[in-house]
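One structure is given here, and the rest of the page talks about it.
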Amino acid sequence: MFSLRRVSAIFLRQFYLMQGSPARVLPLFAWVAIDMVTWGFITKYLNAVSRSGFNFVPSLLGAVLLWDFFTRVMQGVTMTFFEDVWSRNFLNVFATPLSISEYLSGLVLSSIATSSVGLATMLVVVTTVFGLSFFFYGLLLIPYLLVLFLFGIALGVIACGIVLRLGPASEWFIWPIPALISPFVGVFYPLSTLPGWMRALSRLLPPAYVFESMRSIVLQQSASRRDLAQGLATGAALDVVVLFLAGWFFRSIYQHALRTGLIARYSAESLS
Amino acid sequence: MSLKVLRVRELRKRYGATLAVDGISFEVNRNEIVGLLGPNGAGKTTTINMILGVLEPTSGTIQVEELDLASRRAEALARTNFAAVYAPLPGNLTVVQNLRFFGMIYGVKDLAARIEALLEQFDLLAFRNTKCGVLSSGEQTRVGLAKALLNRPALLLLDEPTASLDPAIAREIRLKIREYVEAGHTGVLWTSHNMYEVEDVCQRVLFLSHGRILLEGDPRTLPAEHGKDTLEELFITVANETPDQPERA
């Protein structure tokens, strides 16, 4: 039976690790704050040199904020998982009544907490320093965050599966994943800029619908509410599919690890 | 309450062409310490990993208090716990944090009181807020045992629990485990390469070699029954057996 107490144990463990550990706490807000400051000044500069009168703040800075939120959600999942990798704790954790769904729920709960810190930091910086009001996006901000959150969770779970299968050294495959995806989802440019084959792939990626929707609001394009809702609903539906696939992927890797004994002998260079 | 805390039937684990565990069957009773002996590579840790649910058997069944591990995993593992020298608790958490984390996972009731009792029982009160990674081997072993007893397991698996400890601490650890088993309702499966220790704590031993149980009996009488002076001598003889000559010990 699914136990919330076991789920909260994973979260509590992450909280313990954060306590008194600047190396874990600082990255929650420092890098996103630096990102917001850097991109904030870039957008101010672009506003100053552009003669079009176009305001880059809500399009560029808003896009960077949403993208950083997505990467923080993904990292929130993977970092919690990596704690078990780094402390070689799999045998202790998986030889308990803890189920895979409880374990993954614990990773998600930890990610909600850590990504919320990042989001709050970014909102404070862009609002107070660069005057980006999120009322600009209206209530659509909620589905934007939701679609990106679900996709971040799904990719985080897939990333955990990869590291479980290939060993601790493969964590270096995980860090570049957001950078690999970003050209396809049109964080900074409309999808129409992309060649046909890239656009085809974009349609499968939920964040693409968020950034297209956000741009159409910023540019005050003639997209109807219905079109916007339809796009975001497609993104959310794709999220559900990707989440399901991520859960299936991790479970399959876990079953493989049980069959081969990988969990019992998971160590610095376990590759099989 | 059933007398058997562990029932293993025809357990087999195959890795490709290698048969690591070859259809073994055995039981562990309540208030009994059973030694699982054998040379390196005999299949002891493979057997323990299967009982812990972290390695899937190729065939066979495992029951903990009559609960089938394959179909009722969470319930069976809630009644099990283990300590192994190769599975230390995370060094970046304090003693209390580790115990609280695992206590919640095992669903321990009145956890705070249980942790306090174990800290006292294993002389860990002074280290409650110390990170496990900076404890000595003996202290880490005691923390591992405290974690292993958190849920008052019906089945306790100890894989070389006193390896790397000095004789005085090893004796102290053995004493604590024996006291616990005598006072409670736990059955223990204990692996060790220290035959003195095995004679001291185990009521029964199983000799495993090449994935099969070759001998079973009381460690104090078994050597004489097989024409040997000591358990160590018997161990060496069994360890040198080839898979085709299991009857010559």
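Read the figures in this text as sums done on the coordinates, not as results from a lab. Quick caveat, the model's predicted, so the values are computed rather than measured. When we count neighbours, we look across all protein chains shown, and the Cβ atoms used for this are built from the backbone with ideal geometry, even at glycine.
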Centre separation in Å (Cα based) which lies between the stretch A:54-87 and the stretch B:11-47 = 47
10 Å Cβ neighbours from other chains, averaged over peptide B:97-107 = 6
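Kirkwood hydrodynamic radius, chain B, all distinct C-alpha pairs: what's the number in Å? All intermediate terms of the calculation are to be shown ahead of the outcome.
Values: mean 1/r = 0.0538 Å⁻¹.
So the Kirkwood estimate lands at 18.6 Å.
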Once amide H atoms are placed 1.01 Å from N in the peptide plane, what residues at a sequence separation of 5 or more from B:Asn31, or on another chain, have their amide H within under 5 Å of its amide H?
-> B:Thr186, B:Gly187
Here the averaged projected area of chain A, based on the convex hull of its alpha-carbon atoms and given in nm², is 16.0
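Mind scanning B:Lys147/B:Lys176; B:Lys44/B:Lys109; B:Lys109/B:Lys147; B:Lys44/B:Lys176; B:Lys4/B:Lys147 and naming the pairs with a C-alpha gap bigger than 25 Å? Before the final figure, lay out the partial values.
On the way: B:Lys147/B:Lys176 14 Å; B:Lys44/B:Lys109 32 Å; B:Lys109/B:Lys147 14 Å; B:Lys44/B:Lys176 23 Å; B:Lys4/B:Lys147 23 Å.
Cα-Cα > 25 Å for B:Lys44/B:Lys109; rest within.
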Determine the dipole magnitude for chain B: charges of +1 sit on the beta-carbon of Lys and Arg, -1 on that of Asp and Glu, nothing else is charged, the reference point is the Cα centre, and the result goes in debye to the nearest 20.
-> 920
If unit charges are put on Cβ atoms (+1 for Lys and Arg, -1 for Asp and Glu) and the dipole of the protein assembly as shown is taken about its Cα centre, the option from A:Leu180, B:Leu231, A:Phe211 lying farthest towards the positive end turns out to be A:Phe211
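Under a point-charge model restricted to the Cβ atoms of Lys and Arg (+1) and Asp and Glu (-1), what is the dipole moment magnitude of the stretch B:153-213 relative to its Cα centre, in debye to the nearest 20? Walk me through the numbers on the way to the answer.
On the way: 6 positive and 9 negative charges, 42 e Å.
That gives a dipole near 200 debye.
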With springs only between Cα atoms under 10 Å apart, run a GNM on chain A and tell me which of A:Ser116, A:Ser87, A:Ser170 wobbles the most.
-> A:Ser87
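Considering every residue in A:251-261, what mean count of other chain Cβ atoms within 10 Å of its Cβ is obtained?
Per-residue shielding by partner chains comes out at 3.
Between A:Ser133 and A:Arg5, what FRET efficiency comes out of the Förster formula 1/(1 + (r/R0)^6) with R0 = 35 Å and r the beta carbon distance, rounded to 0.05? Could the numbers behind the result be given before it?
On the way: r = 41 Å, r/R0 = 1.17.
Once the sixth-power term is evaluated, E becomes 0.30.
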In debye to the nearest 20, how big a dipole does the stretch A:26-180 give about its Cα centre with +1 on each Lys and Arg Cβ and -1 on each Asp and Glu Cβ?
-> 340
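What is the packing order of peptides B:143-152, B:114-123, taking the mean over residues of other C-beta atoms within 10 Å and listing the highest first? Working shown, then result.
On the way: B:143-152: 23.1, B:114-123: 17.1.
Result, highest mean first: B:143-152, B:114-123.
Looking at chain A, do any whole DSSP H helices span at least 20 angstrom along their long axis by alpha carbon and average -1.0 or above on Kyte-Doolittle, and which? Present the calculation step by step, with values, prior to reporting the outcome.
Values: long enough: A:4-18 (21 Å, 0.69); A:22-49 (39 Å, 1.01); A:62-86 (34 Å, 0.72); A:100-128 (42 Å, 1.42); A:141-166 (37 Å, 2.47); A:225-260 (52 Å, 0.51).
Span-like helices in chain A: A:4-18, A:22-49, A:62-86, A:100-128, A:141-166, A:225-260.
What does the charge count around B:Thr191 come to, taking other residues whose C-beta lies under 11 Å from its C-beta (Lys +1, Arg +1, Asp -1, Glu -1)? Could the numbers behind the result be given before it?
Details: positive: B:Lys44; negative: B:Asp159, B:Glu160, B:Glu197.
Result for the local shell: -2.
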Write down the Å³ per residue value for the convex hull defined by the alpha carbon atoms of the stretch B:100-161.
-> 91
Between the Cα axis of helix B:137-149 and the main Cα principal axis of chain B, the angle (0 to 90°, nearest 10) is 90
GNM top mover of A:Ser59, A:Ser21, A:Ser111 - chain A, alpha-carbon springs below 10 Å | A:Ser21
Once the Cα atoms of helix B:167-183 and of chain B are each reduced to a long axis, what angle between those two axes, in degrees from 0 to 90 to the nearest 10, is obtained?
-> 90
What 222 nm value per residue comes from the helices of the protein assembly as shown, counting each DSSP H run with n ≥ 4 as -39,500 (n - 2.57) and dividing by all residues, nearest 500 deg cm²/dmol?
-> -17500 deg cm²/dmol
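Restricting the count to DSSP beta bridges whose residues both fall in the protein assembly as shown, what percent are antiparallel, rounded to a multiple of 5? Could you put the intermediate results ahead of the total?
Working: 22 of 40 bridges.
Expressed as a percentage, antiparallel bridges in the protein assembly as shown total about 55.
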Over its Cα atoms, what ratio of radius of gyration to 2.2 N^0.38 Å does the stretch A:129-244 give?
-> 1.17
Among A:Ser52, A:Ser87, A:Val241, whose Cα lies farthest out toward the positive end of the dipole of chain A, if unit charges sit on the beta carbon of Lys, Arg (+1) and Asp, Glu (-1)?
-> A:Val241
Residue-averaged beta-carbon neighbours from other chains (10 angstrom radius) around B:82-92 = 5
Here the tail fraction of P(r) beyond 39 Å, over all Cα-Cα pairs of the protein assembly as shown, rounds in percent to 37
